[in-house]
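**Student:** Provided herewith is a single structure, encoded as structure tokens, for subsequent inquiry.
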Amino acid sequence: MEKLFDKLKEYLHMDTEISFEEFTEYYRNLIAELNQTFNDLDKDNRLKALYICSIVQSNADARTKTNKSNAKVYKKISAKCAFWADAIKFHLGKDGLSAEEIEKATEEINNSI
């Protein structure tokens, strides 16, 4: 998860938008990582995964509006990230975190970038 998080930080500091191909490749890597490691993630990595899913989801939503030729793909990416974000929040809740604590932790991640 750390590698994906570092790459996301790099993307967030860019002045230009990454290509459709690079965006979808990053998304595929994210989903593959979640499929492989989800049950073994500790709290910190779950929070990072939640943050990453939220950013990818919001970017996919924005791209749906501006890139009509790939809008269907972006909608699917957004929906899949929303699914994973919900699953992560559920597991964090089972670990004893409240919705407010989860939100605060993701805000702290955002502020650290």
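The values are calculated or read from the model by the stated rules, or taken from the named source; none is laboratory data. Note that this is a predicted model, so its numbers are computed, not measured. Note that each Cβ is placed from the backbone with ideal geometry, even for glycine, and that neighbours are counted across all protein chains shown. Please note that ligands, DNA and RNA were not included when accessible areas were found on the heavy atoms of the full protein model with its side chains. Shrake-Rupley method; radii C 1.70, N 1.55, O 1.52, S 1.80 Å.
**Student:** Between E10 and K94, what length in nm is gained on full extension when 0.36 nm per residue of separation is reduced by their alpha carbon distance?
**Tutor:** Numbers: separation 84, 0.36 × 84 = 30.24 nm, distance 3.15 nm.
Extending this stretch completely gives an extra 27.1 nm.
**Student:** How big is the charge dipole of region 1-65 about its Cα centre, in debye rounded to the nearest 20, if each Lys and Arg gets +1 on its Cβ and each Asp and Glu gets -1 on its Cβ?
**Tutor:** Here region 1-65 has a charge dipole of around 220 debye.
**Student:** What does the accessible area per residue of the chain come to in Å², with a 1.4 Å probe and no ligands, DNA or RNA counted?
**Tutor:** I get 61 Å² per residue for the chain.
**Student:** What lysines does K68 reach when the alpha-carbon gap must be under 28 Å and sequence neighbours fewer than 8 apart in one chain are set aside?
**Tutor:** Cα-Cα hits under 28 Å: K7, K9, K76, K80.
**Student:** Which one of N111, L4, T66 is farthest out on the positive end of the charge dipole of region 1-112, using unit charges on Cβ (Lys, Arg +1; Asp, Glu -1) and the Cα centre as origin?
**Tutor:** Result: T66.
**Student:** When the accessible area of the chain is split by element with a 1.4 Å probe, what percent falls to carbon and sulfur?
**Tutor:** 48 percent
**Student:** Using a basic spin-label model with each label point 7 Å from the Cα along Cα→Cβ, how many nm lie between A71 and I113?
**Tutor:** Each label point lies 7 Å from its Cα, and together they span 2.6 nm.
**Student:** Would you mind calculating the relative contact order of the chain from Cα pairs under 8 angstrom and at least 6 residues apart, reporting the percent as a whole number?
**Tutor:** Reported as a whole number, the value is 27 percent.
**Student:** While we're on this one: Angle between the Cα long axis of helix 43-66 and the longest principal axis of the chain, 0 to 90 degrees, nearest 10?
**Tutor:** Approximately 30 degrees, to the nearest ten.
**Student:** Hey, can you rank 15-24, 38-47, 51-60, 79-88 by average C-beta count inside 10 Å, highest first?
**Tutor:** 51-60, 79-88, 38-47, 15-24
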